[in-house]
Amino acid sequence: MAIDVHAGQSFPLGATVYPWGVNFSVFSKNCDAVELLLFDDVDAARPSHVIHLDPQKHRTFYYWHAFVRGIGAGQLYGYRVHGPFVPEQGLRFDGTKVLLDPYTRAVAMGAHYDREAAKRRGDNAAHALKSVVVDTRAYDWEGDWPLVHPYASTVIYEMHVGGFTKHPSSGVAPEKRGTYAGVIEKIPYLQSLGVTAVELLPVQQFDPQDAPRGLSNYWGYSPLAFFAPHQGYCHNSDPLGPVDAFRDMVKALHRAGIEVILDVVFNHTAENDHTGPTLSFRGLENRAYYLLQENQARYADYSGTGNAINASNSIVRRMIIDCLRYWGAEMHVDGFRFDLASVMSRDKRGRLLEDPPILWEIESDPVLAGTKIIAEAWDAAGLYQLGSFIGHRWAEWNGQFRDDVRRFVKGDEGTVERLAARIAGSPDLFPQEDREPNRSINFVTCHDGFTLNDLVSYNKKHNGANLEYNLDGADANFSWNCGVEGPSFDPEVQALRLRQIKNFITILFFSQGTPMVLMGDEVRRTQRGNNNAYCQDNEISWFDWDDVQRHAGILRFVRQLIQYTQELEVFREEQFWSTNANNHGTRLTWHGIHLGQPDWRSISHSLAFELQHRAFDEHLHVMLNAYWEPLTFELPPLLENVHWRRIIDTALPSPDDFCLPNAAPVIEDYYYRVTEHSIVVVQALDDSD
């Protein structure tokens, strides 16, 4: 291959394709020399071309650049960066290591990739990841663009691209199982479920080898290249394949009316602590990309993974903004959920910033103005910002909703008043007058923790398969096994567990806020008691599609419940429900077993509430009994020819547990006996309609 090297320019960063060649640009401030390496094969032990960048010709300020004629999209490349290795000064240059371009749009991972080789001394070219030159303009979007659904009509489904179709029962062709293409085949299922958005666990290229020996990093919270779709989710081996495969998936989901939200990890990387591998950022400019301790040989760790990204540095901030713009504008992503977003609130010494520049830049960026931005408003070092996260546009994962709902359904004391706040949109957590209640992302379960089935089947975590002596994962799960630890054939235990699952789902969808459902909860997916399955790329984590038939009753319940609540205006409100709402809003009234007498005592295990939207003639009454005995609840009186109809009774078997309004049985009395550990929802309907 004949190439012709020219000076090039410092922008754009990364590899940019032009009709006559490719421009390369990378940031490195304190190095002595940079080599651009071109490879003919991903497993090549040596590059086909080594381009030594002359600092007089190929360097502008701290940017090293070159224009190479004679190459184009699909070219494999990497960098070697030479400089001082003085860890106590925060410098960790190693000119023997092949480094990924932080701005690469694709990553090639060969059969001989070895994470350990990036830790050992010496050349690792034969075992290194390679960057790929991508022309992102060469794709036909066929008129596609992000959907911009309002939060008020959004139902989020948190899912794992690989685990969704990897199980043999998926019915997906073997070569497409666990891929972007596999997700496309299952879009009809997502449509039938009624979700409006999928929130994908990390799809930015991560290191599957960042896991205990013999296991793999399944979740993907081990990022290597923030601009690159994960290569392992592509159904073919073409180095350019992941980019188009991801876009094909996005386009197909959009056609089905489903948004795509990415779980992005801008708080740490796969390079881990001072003993970790040199894969990219560390070897390019360690002091810029990472937060370091006072002894700069050690990394600050606010993520629990060994390092933390330095979002207070202008180079890193620019990379994050450029990355988000890329995924939004060029990959048509609808939104982002920021893992451990509070790490980005810290300055270079780890102190909390009053006005973190990166968070304001994300919020105010015009390219991102229509995207959903969702914060996990805490980090692994104790910073907890739920309800106080910076900005006006940010939505937040409501971890307090999860805990308070779990404790109430479990039967803990002192939970009724807290549950009421969660049902009403958590105004105690989000007191801002102009805040939309639907920016609270409500969930009972997520990838991190028990599945919904396991929440009612285990009192303790069972993480032995992770090879960490069951020391990993959270201990405070607020779970209840309903009398037996693990699987049970006792019909009473089985019935109680199913009832509790329906209770959780009902509270989730009858609360103000944006609901999020974990993949497989609708069919009782189990992880066998593992509440930290980050390294379980196997049937512990995968969606078993046989469950769709095995648990058809609960699947029907969830589908009907989503459809029902999505069609009601009371759940589309963009202002908090009010106890004195006018005719244009929803009025919320609290009750107990007696009308107008909610029992806020710590020993209480019951609550009822009434929702009435006069403008749309919607009137609901919800009765919750977490007590261990049945309770009789009074029902509000109605006008003549209007009757209460039972929509939901979680104590009844399918299909009687959920009835559509036009088929719901009439309640003749002004009271209803609610079974222990169950929830009943009734709707007032005019018999003349």
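Within the stretch 155-177, which residues are free of Cβ contacts under 8 Å to residues at least 24 places away in the same chain and of a type in the set (A, V, I, L, M)? 172, 173, listed by residue number.
To keep it simple, each residue is scored yes or no on (1) under 23 Å from residue 502 (Cα atoms); (2) surrounded by fewer than 19 Cβ atoms within 10 Å (Cβ to Cβ).
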site	(1), (2)
602	no, yes
620	yes, no
623	yes, no
647	yes, no
652	yes, yes
658	yes, no
665	yes, yes
672	yes, no
685	no, no
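Of 565, 506, all but one fail to be in contact with a strand residue (DSSP E or B) (Cβ under 9 Å, 6 or more places away or on another chain), more than 30 Å from residue 172 (Cα to Cα) and either touching a residue at least 60 places away in the same chain (Cβ under 8 Å) or assigned to a loop (DSSP other than H, G, I, E, B) (or both); the exception is 506.
Which strands (runs of 3 or more DSSP E) does the stretch 296-399 wholly contain that include 2 or more residues that are β-branched (Val, Ile, Thr)? Write out each step before concluding.
Details: elements: 335-338, 372-375, 395-398.
Strands (runs of 3 or more DSSP E) meeting the threshold: 372-375.
Please work out if residue 181 is assigned to a helix (DSSP H, G or I) and either of a type in the set (S, T, N, Q) or out of contact with any Gly (no Cβ under 6 Å at 6 or more places or on another chain) (or both).
yes
Take the conditions more than 23 Å from residue 335 (Cβ to Cβ), in a loop (DSSP other than H, G, I, E, B) and touching a Pro at 6+ places or on another chain (Cβ under 7 Å) and apply them to residue 236. Does it pass? So residue 236 fails the test. Selection of strands (runs of 3 or more DSSP E) fully inside the stretch 5-60 by the criterion of at least 2 residues being at negative phi, acidic (Asp, Glu) and in the same structural domain as residue 113 (by TED's automatic domain parsing) returns nothing. Inspect the stretch 200-212 for any residue being modelled with pLDDT of 95 or more, of a type in the set (Gly, Ala, Ser) and closer than 21 Å to residue 175 by Cα and give the result as yes or no. No - not one qualifying residue is present in the stretch 200-212. Taken over the stretch 431-445, the criterion of being over 20 Å from the mean Cα position of the chain (by Cα) and either more than 18 Å from residue 508 (Cα to Cα) or of a type in the set (Lys, Arg) (or both) is satisfied by 431, 432, 433, 434, 435. Outside the structural domain of residue 34 (by TED's automatic domain parsing), within 26 Å of residue 309 (Cβ to Cβ) and at pLDDT 95 or above: is that true of residue 190 in this structure? Judged against the criteria, residue 190 is not a match. Residues considered: 273, 301. Of these, the only one that is touching a residue at least 12 places away in the same chain (Cβ under 8 Å), in contact with a Phe, Trp or Tyr (Cβ under 9 Å, 6 or more places away or on another chain) and not hydrophobic (A, V, I, L, M, F, W, C) is 273.
Can you tell me which residue among 98, 50 is touching a Leu at 6+ places or on another chain (Cβ under 9 Å), crowded, with 19+ Cβ neighbours inside 10 Å and hydrophobic (A, V, I, L, M, F, W, C)? I'd like the intermediate steps shown before the answer.
On the way: 50 fails: crowded, with 19+ Cβ neighbours inside 10 Å.
It is 98.
The values are calculated or read from the model by the stated rules, or taken from the named source; none is laboratory data. From a predicted model like this one, the values you see are computed outputs, not experimental measurements. Neighbour counts are summed over all protein chains in view; Cβ atoms, including those assigned to glycine, are modelled from backbone coordinates with ideal geometry.
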